[in-house]
Each structure stands twice: as structure tokens, then as C-alpha cells.
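The values are calculated or read from the model by the stated rules, or taken from the named source; none is laboratory data. Model, not experiment: these values are computed from the prediction. Neighbour counts run over all protein chains shown; Cβ positions are idealised from the backbone, glycine included. Heavy atoms of the whole protein, side chains included, go into the accessibility calculation; ligands, DNA and RNA do not. Shrake-Rupley method; radii C 1.70, N 1.55, O 1.52, S 1.80 Å.
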Amino acid sequence: MSIELQREIAKRRTFAIISHPDAGKTTLTEKLLLYGGAIQMAGTVKAKRSKKFATSDWMEIEKQRGISVTSSVMNFPYGGFEINLIDTPGHQDFSEDTYRTLTAVDSALMLIDAANGVETQTKKLFEVCALRKTPVMAFVNKMDREGRDPFELMDEIEKVLGIGCFAVTWPIGMGPSFRGVYHRISNQLLIFEKDADRARPVPLKGLALDSPEVVAELGEEATRQLLAEIELLTGAGGDFDRQAYMEGRLAPLFFGSAVNNFGVQTLLEALIEIAPAPLPRVAVERKVDANEPKFTAFIFKVQANMDPSHRDRVAFMRICSGRYERNMKAFHVRLGREMRLGRPTQFMAQDRSLVDEAFAGDIVGIHDPGVFKIGDSLSEGESLVYTGVPVFAPEHFCRVVLRDPLKSKQLSKGLDQLSEEGAVQVFRPSHSNDQYLGVVGPLQFEVVVYRILAEYGVQVRFESLPYSVARWISSTKADVLDRFISANSQQVCFDQHDHPTILVDEPWRLRLLEERNPDITFSATSEGPGKLR
Ligand code: G4P
């Protein structure tokens with residue numbers, strides 16, 4: 001194995017930010033790019049998706065592109081490392097695409113609004129990370145505003161999300177009296193400058209906690225309180241346990257204010273020091289180490305109509321091992337043939353650029369002439385099928401009503417295409433000839449209506465269904481499964497791959513079914529055409 005290859009791979013950090021709308025994800029993303037030198041002036045990302053758009057404009061853009069416009073990838077350098085940040089949509093509605101993004105990363109950054117604590121969308125996204133045991137670090141934002149007590153926030157993260165916390169930095173005051181943070185690992189006080197130039201990285205001013213300047217800087221009262229809080233934290237737990245972080249059991253916690261550039265550099269430092277380099281990935285055949293010399297990758301996202309004037313599609317691949325070279329040929333495992341991976345693109349703020357080479361950990365967009373599906377694996381000839389790009393259980397359901405019955409063929413074609421892209425899931429109820437659609441965020445329904453009309457010329461109407469939970473069902477005992485299906489035939493459907501799925505209206509009813517049917521496995525994710533998880 002070449003040392004050079006290994007060195008390149010060790011420099012990669014691939015992560016996503018998970019948060020609830022308004023916690024400051026756009027702001028933080030922008031600041032990360034600013035510190036990475038990827039953008040000169042803060043404001044670039046913001047301008048692209050300012051909330052100044054009326055909701056209806058926003059939806060129009062969403063609909064026109066057919067899939068979330070915001071869910072893209074940014075690559076930027078920092079401190080000799082190459083960072084891949086995968087963005088997830090920040091608005092109220094999100095799609096399965098948002099969840100699936102998390103399959104392509106090695107770690108996640110959970111952003112929490114200091115005043116609001118753990119909010120619903122953060123919780124949902126965190127659950128996907130927990131399912132995959134993705135290491136998560138947390139950033140409590142907006143410390144320049146009056147928010148919740150930091151101990152209370154830590155407690156909430158631990159209780160609501162079921163993950164331990166280790167405060168790497170600890171805030172000194174908040175709101176108007178926010179003075180900065182104490183970095184517990186480097187033993188430094190980092191002083192907050194209120195009126196820092198927001199368009200420029202702010203140099204950090206550090207002081208050792210035992211330095212006499214601390215009292216001069218903070219005053220006696222604040223110093224006493226800080227020392228007492230640090231003692232409390234130290235008493236509550238020992239040193240930072242990186243292994244626990246790597247196993248998804250412990251979240252290193254940071255405090256700051258993204259809009260004021262405060263805490264951003266500390267986060268980036270932590271990302272390169274603590275967050276994992278590209279991790280091994282599991283394929284059906286074997287586990288693949290990122291440092292293996294041969295190129296392998298999987299497709300986790302296919303974005304259609306990125307440019308509405310051409311019907312172009314971009315497939316996003318996560319490189320899992322080795323090195324990718326521009327114009328190289330790769331083996332498309334599902335199709336069983338070699339193909340050239342054209343127009344390899346990396347993205348930075350609004351710019352795209354063609355890349356000559358990329359390494360394990362990197363996310364690269366490639367031109368898709370219509371041959372890629374989500375979950376496809378690529379290799380240098382090995383028949384290797386990556387797992388772990390699951391289909392997530394939808395939470396909103398409707399019945400499709402076709403306005404013109406003669407168009408049922410086109411409708412099927414459209415729904416097949418959209419389900420391949422992962423925009424929607426199609427279910428066939430066991431008791432009727434209807435077609436049900438399931439999505440993770442209800443906005444997707446509008447996207448589907450729009451695209452079915454625009455791209456396939458079919459007018460459809462949706463009738464909503466009373467379900468909110470879907471579970472793929474399986475059992476080691478075939479007769480038990482058959483009996484369960486016939487006893488619950490009104491609620492059992494078959495998905496695109498003919499896997500039985502049960503739809504229920506309320507979570508408590510699912511719990512009841514689980515209790516009463518211990519021989520049935522109820523899965524919140526499915527591995528698609530292959531075996532169920
Ligand atoms: P999102 O992508 O997670 O939805 O959040 P976004 O970055 O758009 O931030 C939401 C709001 O929170 C914005 O205010 C933003 O300026 C503000 N914000 C972000 N970080 C901080 C922070 O550290 N402190 C404070 N006080 N506010 C912060 P807005 O009024 O909605 O937009 P704008 O007029 O500022 O652009």
C-alpha cells in the first residue's frame with residue numbers, strides 16, 4: 001500500500017451537519033467555508049438560500065428541480081486536511097434524501113440552538129446517526145443570546161438522545177454577558193470579541209486558566225463561577241474518551257456563536273483532531289478498508305434536473321477506498337460492466353470544478369446518463385456490493401388517483417423512476433389494486449405531482465391516508481409471517497421490491513403489534529432490493 005495514498009486518505013474528513021431549521025446551519029456552514037478559505041466574504045451561502053424567499057417561491061424552486069436544491073456537497077481545505085461537508089436541507093420539510101446523506105459520512109455535527117435545546121428534526125436525524133453508530137459532536141450555537149443553562153442542555157441531550165456528553169469547551173456567561181469559553185483539553189480561555197468583523201476569521205485569544213490575567217479579563221465573580229462549574233464537570237467524569245465518541249456513545253460538546261465566528265475554529269480543529277478519517281465500509285462480501293489501493297465507491301444520491309435546461313443527472317458517489325482518477329473506468333457492479341465515470345465534479349459554495357483525482361472519503365458528483373441508482377457500487381473489477389444505503393420508513397402516505405385511466409402505463413413509468421431516485425416509495429396494498437405512496441416529508445408529494453406532470457404528462461391527485469408509521473416485516477419462520485400478513489391484510493402492503501410492509505396509524509399501535517408478535521421483526525429501514533436489515 002502506498003504511503004502517499006495512505007497519507008491522502010488520512011487527511012480526509014467527511015461529515016454532515018444535523019440540526020433543526022433556524023439553529024444556524026446555513027450560518028455555520030458559511031463560517032466553516034470562510035475559515036477554510038473557500039469563500040472570501042461571508043454571505044455567499046446565505047445569498048443562495050436566504051429565508052427572504054417567500055415560502056411559495058421556495059417550493060417552486062424545490063418543485064422545479066424535483067428534489068431538494070439545498071442538499072449538496074462542499075469540499076474545502078483546512079489546516080492541511082480536506083473536508084467534505086454534505087449539506088442537508090434546512091427547511092421545515094425534509095425528504096428521505098436527508099436521511100440518506102448520512103450514510104455517506106464518517107461523522108456528524110449536531111447543531112443546537114442554545115435557547116431551544118434538542119428539537120424534533122435534530123432528534124430524527126440523530127436517530128439515523130445512532131442507528132449507524134456514527135460519531136457525533138455537538139455545537140451549541142447562539143451563546144450571544146440568552147439561552148438555557150448549559151448543564152440543563154447537556155442533561156437534555158443525554159436524556160432525549162440517549163448519548164453521553166463531554167463538554168470540550170464550556171461557556172462563560174451567556175447573552176449580553178457571554179465572555180467566551182474555556183477549552184478543557186487545551187486548558188485555555190478563549191475570549192469572545194463581541195464586535196468582531198463577521199466577514200473575517202477572528203484570531204483566538206487564549207489564556208491559561210491559572211493565569212493571573214484571567215481574573216483581570218473576567219472579573220472575580222465570573223472567574224469564581226467558572227472555576228466552580230469546571231470543578232463540577234471534572235467531578236462528573238474523567239477525561240475525554242475518544243473510543244466512546246467513535247462508537248457513537250459520547251458526544252464532544254462545544255459552545256459558541258456561529259454568526260460571530262466564535263467557536264468555529266475550535267470546531268474545525270476538533271474535526272481534524274478528533275473526528276474519524278475515512279472509516280471502513282461494509283459490503284455484502286467483506287469489509288473494505290479505506291486504505292486499500294483499489295478504488296471502490298457507492299452512489300448515495302442521484303440528483304436530477306440540476307440544470308433544468310438539460311435533463312442532466314448527477315450521481316453523488318462516496319469513495320470508500322483507494323484513489324479515483326479523472327476519466328478512469330470503473331466496474332458498475334449491478335450492471336456488470338465497465339464504464340467511464342464522466343465529468344467528476346466537486347462543489348464549493350456555488351462553484352463547481354472538475355477534479356483530476358479524489359481519494360477515499362471524498363464525495364464526488366459524476367455525470368449520470370441514466371445508469372445509476374441509489375446504492376449502486378463501483379469498483380475496479382471486484383464484484384462488491386456495499387450495504388448500508390437503506391431505505392427509510394416513510395411517515396406520510398397517500399393513495400394515488402389517476403385523472404386519466406388511459407395513462408396508467410406512463411404513471412407506472414414515472415413512479416418507477418421517482419422511486420429509483422429515492423424521491424418516493426411506492427407500495428401495493430395486499431387487499432386492493434391501489435397504489436400507495438410513502439414519503440418522509442410531505443413536501444415530497446408536491447414534488448411528485450409536479451414531476452409526474454412535467455416529465456411524464458400525467459395528472460394525478462393524491463388522497464391522504466391515515467398512516468404515520470411503516471415497518472418492513474420479516475420472520476425466520478415463513479408460516480408465522482404468512483399468518484401475520486393474512487391477519488393484518490388491511491394494513492399490509494408490498495414495496496417496490498415485494499417486501500411486505502405494515503402501515504399503522506399511531507406509534508403505540510406499532511408497539512402493541514411488536515409486543516404481540518415476538519417472532520416478527522419490524523424494521524424501520526430496508527436495504528432495498530437485497531436482504532432486509
Ligand atoms: P438554518 O440554516 O439552520 O435554518 O439557520 P440560519 O443559519 O439561517 O440561521 C437562523 C437565524 O439565526 C438567522 O437569523 C441567523 O442570523 C441567526 N443566527 C445564526 N447563528 C447565530 C448566533 O450565533 N447568534 C445569533 N444571535 N443568531 C444567530 P435571521 O434573523 O433568521 O436571518 P438573518 O436576517 O440574520 O439573515
Problem set entry | Placed amide H near GLY117: partners under 5 Å, 5+ positions off or other chain | none
Problem set entry | Value of Rg/Rh across the chain [Cα atoms, Kirkwood radius] | 0.99
For this session: Please compute the Cα-Cα pair-distance distribution of the stretch 146-211 with 10 Å bins starting at 0, giving whole percents from short to long.
Result: 19, 40, 33, 8
Problem set entry | Net charge contributed by nearby residues that have their C-beta within less than 10 Å of GLY117 (K/R +1, D/E -1) | -4
For this session: Take the cross-link list LYS25/LYS133; LYS373/LYS407; LYS11/LYS329; LYS25/LYS329 and give me the ones stretching past 28 Å between alpha-carbons.
Result: LYS25/LYS329
Problem set entry | Assigned charges on the beta-carbon of Lys, Arg, Asp, Glu; the chain dipole about Cα centre (debye) | 1480
Exercise. P(r) tail for the stretch 342-423, what percent of Cα pairs lie past 20 Å?
Worked result: 57
For this session: Within the set of other residues whose C-beta is less than 12 Å from the C-beta of PHE372, count the net charge using Lys and Arg as +1 and Asp and Glu as -1.
Result: 0
Exercise. Which whole-Hz ³J(HN,Hα) couplings does the stretch 17-29 yield from phi under the Karplus relation 6.51 cos²θ - 1.76 cosθ + 1.60, θ = phi - 60°, glycine and proline marked x?
Worked result: 9, 10, 6, 8, x, 5, 6, x, 5, 4, 4, 5, 4
Exercise. Mind checking the dipole of the stretch 154-273: about its Cα centre, +1 per Lys or Arg Cβ, -1 per Asp or Glu Cβ, Debye to the nearest 20?
Worked result: 300
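Roughly how big is the stretch 460-533's charge dipole about its Cα centre, with Cβ charges of +1 (Lys, Arg) and -1 (Asp, Glu), in debye to the nearest 20?
That gives a dipole near 80 debye.
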Exercise. For helix 220-236, what angle does its Cα long axis make with the longest principal axis of the chain, in degrees from 0 to 90 and rounded to 10?
Worked result: 50
For this session: Take the solvent-accessible surface of the protein heavy atoms, probe 1.4 Å, and return the percent of it on the stretch 443-514 that carbon and sulfur atoms account for.
Result: 52
For this session: Report the relative contact order of the chain, percent, no decimals, based on alpha-carbon pairs under 8 angstrom and at least 6 residues apart.
Result: 15
Seminar exercise, completed: Given Cβ charges of +1 for Lys and Arg and -1 for Asp and Glu, the option among PRO276, GLY457, MET110 whose Cα lies farthest towards the positive end of the dipole of the chain is GLY457
Exercise. Which whole-Hz ³J(HN,Hα) couplings does the stretch 170-187 yield from phi under the Karplus relation 6.51 cos²θ - 1.76 cosθ + 1.60, θ = phi - 60°, glycine and proline marked x?
Worked result: 10, x, 10, x, 7, x, x, 9, 5, 10, x, 9, 9, 8, 6, 7, 8, 6
For this session: Provide the solvent-accessible area of HIS20, counting protein heavy atoms only and rolling a 1.4 Å probe, rounded to the nearest 10 Å².
Result: 30
Exercise. If you add up the charges near MET143, with Lys and Arg at +1 and Asp and Glu at -1, over every other residue whose beta carbon is less than 11 angstrom from its beta carbon, what do you get?
Worked result: +1
Problem set entry | Convex hull of the stretch 240-331 built on C-alpha atoms - directionally averaged projected area, nm² | 10.1
For this session: Express the C-alpha Rg of the stretch 138-253 as a ratio against the empirical globular expectation 2.2 N^0.38 Å, rounded to two decimals.
Result: 1.10
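If you count only protein heavy atoms with a 1.4 Å probe, what accessible area per residue comes out for the chain, rounded to a whole Å²?
Accessible area per residue: 43 Å².
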Seminar exercise, completed: Computed ³J(HN,Hα) along the stretch 102-115: with the Karplus parameters 6.51/-1.76/1.60, θ = phi - 60°, integer Hz and x for glycine or proline, the list is 5, 6, 9, 9, 9, 7, 10, 10, 9, 9, 10, 7, 4, 8
